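Everything on this sheet refers to the single structure shown next.
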Amino acid sequence: MSDELDITIVTGLSGAGRSEAANVLEDLGFFVIDNLPPLLIPKVAELARAPGRPPTRYALGADIRSGALEDLHVALEQLREAGARTRILFLEAADDVLVRRYEGERMTLAIAEERALLEPLRAEADVVIDTSGLNVHQLRDRLRDLFAAGPSEHALQTSIVSFGFKHGLPLDVDLVFDCRFLPNPHWVESLRPLPGTDAKVKRYVMKQAETEAFLGELERLFALLLPAYVREGKSYLSVGVGCTGGHHRSVVLAEELARILERLGFPARVHHRDLERG
């Protein structure tokens, strides 16, 4: 492991899974401190650099509902100036999901106020995870994918999610591409029951002239974007590829986009969000 101090700030909406995320990171070997006032974060970094202390990844749970957003910005700036590797992990969920998790104890207005308060921090987050459709096990799997391997040798970690627009737009992606303009295998009777991972479906989607042209444009676009993101210091990039149901076209295109990113030197993890949904 690198000697570089590695600190992940874990924050987000109340009820979105922050405590569960902290537990997972602790299982992965992070030294976790929850509910840490932002002004104390630089002090933790000082202690972490004490002589003889082994290199450790830190996960610091920050609750900024009290309005300490500016304090957190100051703390992060101090860490970066000191050469620490930092990232913000932001947990969020849809309003109706948050209400259910609190069994009606929180009013919609209170959720809206908290969401507005945290929006500037969400905009700066390196990783945003929407936990609306995730159970505890799925959240654990997502976090392990992101953090189990330790700091990546790649300056930019990328992930791709295929999804169906009819099941809702993913809230935790940076870029979204719509492939509903492609001919739909759903209307081919022999292909309808097959998933996009099936070779027959892949051949059908890939033989379309629009598919080849679209992938060519995506390769040119990402050849421009990825190095630019690295220069700007972005650590994580999540890309959504959507079709109607998330069964066919988006699955094929997500896999092909992963191959493109691999050729460009940015290996990507692929997750098919709606492949098993009806």
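The values are calculated or read from the model by the stated rules, or taken from the named source; none is laboratory data. Note that this is a predicted model, so its numbers are computed, not measured. Note that we place each Cβ from the backbone using ideal geometry, even for glycine, and neighbour counts take in every protein chain shown. Protein only, heavy atoms only, side chains kept; ligands, DNA and RNA dropped before computing areas. Shrake-Rupley method; radii C 1.70, N 1.55, O 1.52, S 1.80 Å.
Which residue pairs have Cβ atoms under 9 Å apart, sit 6 or more places apart or on different chains, and have a first residue in segment 111-132 that is more than 19 Å from ILE7 (Cβ to Cβ) and a second that is open to solvent by 70 Å² or more (accessible area, probe 1.4 Å) and assigned to a helix (DSSP H, G or I)?
Every condition considered, the pairs that remain are THR131/GLN138; SER132/ASP96.
Out of ALA268, ALA228, report the one residue that is small (Gly, Ala, Ser) and in contact with a Ser or Thr (Cβ under 9 Å, 6 or more places away or on another chain). Don't jump to the end; show me each part of the working.
Values: ALA228 fails: in contact with a Ser or Thr (Cβ under 9 Å, 6 or more places away or on another chain).
Criteria check complete, one pass: ALA268.
How many of the residues making up segment 179-189 are open to solvent by less than 60 Å² (accessible area, probe 1.4 Å) and either among the aliphatic types (A, V, I, L, M) or in contact with a strand residue (DSSP E or B) (Cβ under 6 Å, 6 or more places away or on another chain) (or both)?
Within segment 179-189, residues that are open to solvent by less than 60 Å² (accessible area, probe 1.4 Å) and either among the aliphatic types (A, V, I, L, M) or in contact with a strand residue (DSSP E or B) (Cβ under 6 Å, 6 or more places away or on another chain) (or both) number 3.
Please specify each residue of segment 19-40 satisfying the condition of being modelled with pLDDT of 90 or more, touching a strand residue (DSSP E or B) at 6+ places or on another chain (Cβ under 7 Å) and either closer than 23 Å to ALA116 by Cβ or of a type in the set (A, V, I, L, M) (or both).
If the condition is that a residue be modelled with pLDDT of 90 or more, touching a strand residue (DSSP E or B) at 6+ places or on another chain (Cβ under 7 Å) and either closer than 23 Å to ALA116 by Cβ or of a type in the set (A, V, I, L, M) (or both), then ALA21, ALA22, LEU25, VAL32, ILE33 are the ones that fit.
Quick one: in segment 225-278, which of the residues that are of a type in the set (Asp, Glu) and assigned to a helix (DSSP H, G or I) is farthest from GLY168 (Cα to Cα)?
If we take residues in segment 225-278 being of a type in the set (Asp, Glu) and assigned to a helix (DSSP H, G or I), then GLU262 is farthest from GLY168 (Cα to Cα).
Every residue, every condition in (1) free of Cβ contacts under 8 Å to residues at least 40 places away in the same chain; (2) surrounded by fewer than 19 Cβ atoms within 10 Å (Cβ to Cβ), yes or no:
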position	(1), (2)
VAL205	no, no
GLU212	yes, yes
ALA223	no, yes
ALA228	yes, yes
GLY240	no, no
GLY246	no, no
VAL252	no, no
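Could you list, in sequence order, all residues of segment 73-90 that are within 14 Å of THR8 (Cα to Cα) and either among the charged types (D, E, K, R) or touching a strand residue (DSSP E or B) at 6+ places or on another chain (Cβ under 7 Å) (or both)?
LEU76, GLU77, LEU79, ARG80, ALA84, ARG85, THR86, ARG87, ILE88, LEU89, PHE90
State all residues of segment 162-177 that are surrounded by 15 or more Cβ atoms within 10 Å (Cβ to Cβ) and at pLDDT 95 or above; if no residue qualifies, say none.
SER162, PHE163, GLY164, PHE165, VAL176, PHE177, listed by residue number.
Can you work out which of the residues in segment 219-249 that are of a type in the set (A, V, I, L, M) and in contact with a strand residue (DSSP E or B) (Cβ under 7 Å, 6 or more places away or on another chain) is farthest from THR86 (Cα to Cα)? Before the answer, list the steps.
Our first condition is that a residue be of a type in the set (A, V, I, L, M); within segment 219-249, this holds for 221, 223-226, 228, 230, 237, 239, 241.
Next cut, in contact with a strand residue (DSSP E or B) (Cβ under 7 Å, 6 or more places away or on another chain) only: 237, 239, 241.
Numbers: LEU237: 15, VAL239: 22, VAL241: 28 Å.
Result: VAL241.
So in segment 3-14, with the set limited to residues that are over 12 Å from PHE90 (Cα atoms) and either out of contact with any strand residue (DSSP E or B) (no Cβ under 8 Å at 6 or more places or on another chain) or open to solvent by less than 10 Å² (accessible area, probe 1.4 Å) (or both), which one is modelled with the highest pLDDT?
Restricting to residues being over 12 Å from PHE90 (Cα atoms) and either out of contact with any strand residue (DSSP E or B) (no Cβ under 8 Å at 6 or more places or on another chain) or open to solvent by less than 10 Å² (accessible area, probe 1.4 Å) (or both), the top hit is ILE7.
Kindly establish whether ALA75 is farther than 30 Å from VAL252 by Cα, at pLDDT 85 or above and surrounded by 18 or more Cβ atoms within 10 Å (Cβ to Cβ).
On the way: farther than 30 Å from VAL252 by Cα: yes; at pLDDT 85 or above: yes; surrounded by 18 or more Cβ atoms within 10 Å (Cβ to Cβ): yes.
Taking the combined requirement at face value, the residue satisfies it.
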